[in-house]
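Single-structure report; data block below.
The values are calculated or read from the model by the stated rules, or taken from the named source; none is laboratory data. Bear in mind that the values here come from a model prediction, so they are computed numbers and not experimental data. Every residue, glycine among them, receives a Cβ derived from its backbone with ideal geometry; neighbour counts consider all protein chains shown. What goes into the accessible areas is simple: the full protein's heavy atoms, side chains included, and nothing from ligands, DNA or RNA. Shrake-Rupley method; radii C 1.70, N 1.55, O 1.52, S 1.80 Å.
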Amino acid sequence: MATTVTLEKCGHNHGYKGLDNCSFCPGSQCCVEGGPDCIDSVIDMDSVCKRVAASGLGVAVSVSKDAGRYLCDFTYYTSLYLSHGRSAFIHVPPLGKPYTGEDLGRALQAIVREMLDIQEQSEAKINCQHAH
């Protein structure tokens, strides 16, 4: 269970052995047969984390490389696969443990703003390189 707001860097294709709430587990124990073992988000989660942490919101933010080989990682990997890496997944702690809904809302707003800002800067660099 998350105790910080956690930005997931990547999703994993293999290692799904547990049953979900409907008692389903893929027979192949993977998300996408023939898909890569791991897909990284194109979003620089380390930069997002540093920038949000420096903003002084009072909410701990961390980065992870393992969303858990259950529904979260399965969903994230599938999203990354279908979007060619253009996806994000954020784990949040339960309300009141230790943050209020308002705290988490402010943190999530700041995280999404930073993600968009970093992507915008990245695209501007690409466009600038093509203009020469």
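Filtering segment 80-96 to residues that are among the hydroxyl-bearing types (Ser, Thr, Tyr) and part of a loop (DSSP other than H, G, I, E, B) leaves only Ser87.
Go through segment 85-100 and give me each residue that's open to solvent by 40 Å² or more (accessible area, probe 1.4 Å) and either without any contact (Cβ under 8 Å) to a residue 40 or more places away in the chain or farther than 21 Å from Met115 by Cα (or both). Passing the criteria: Pro94, Leu95, Gly96, Lys97, Pro98, Thr100.
For Tyr76, the conditions (1) at pLDDT below 95; (2) open to solvent by less than 20 Å² (accessible area, probe 1.4 Å); (3) of a type in the set (Ser, Thr, Tyr) all hold with the exception of (1). Would a scan of segment 71-85 turn up a residue that is in contact with an Asp or Glu (Cβ under 7 Å, 6 or more places away or on another chain) and of a type in the set (Ser, Thr, Tyr)? The answer is yes; a qualifying residue exists.
Scanning segment 27-51 for residues that are out of contact with any Cys (no Cβ under 6 Å at 6 or more places or on another chain), within 24 Å of Lys17 (Cα to Cα) and acidic (Asp, Glu) yields a total of 2.
Please give the number of the condition Ile43 fails out of (1) modelled with pLDDT under 90; (2) touching a helix residue (DSSP H, G or I) at 6+ places or on another chain (Cβ under 9 Å); (3) β-branched (Val, Ile, Thr). The single condition Ile43 does not satisfy is (1).
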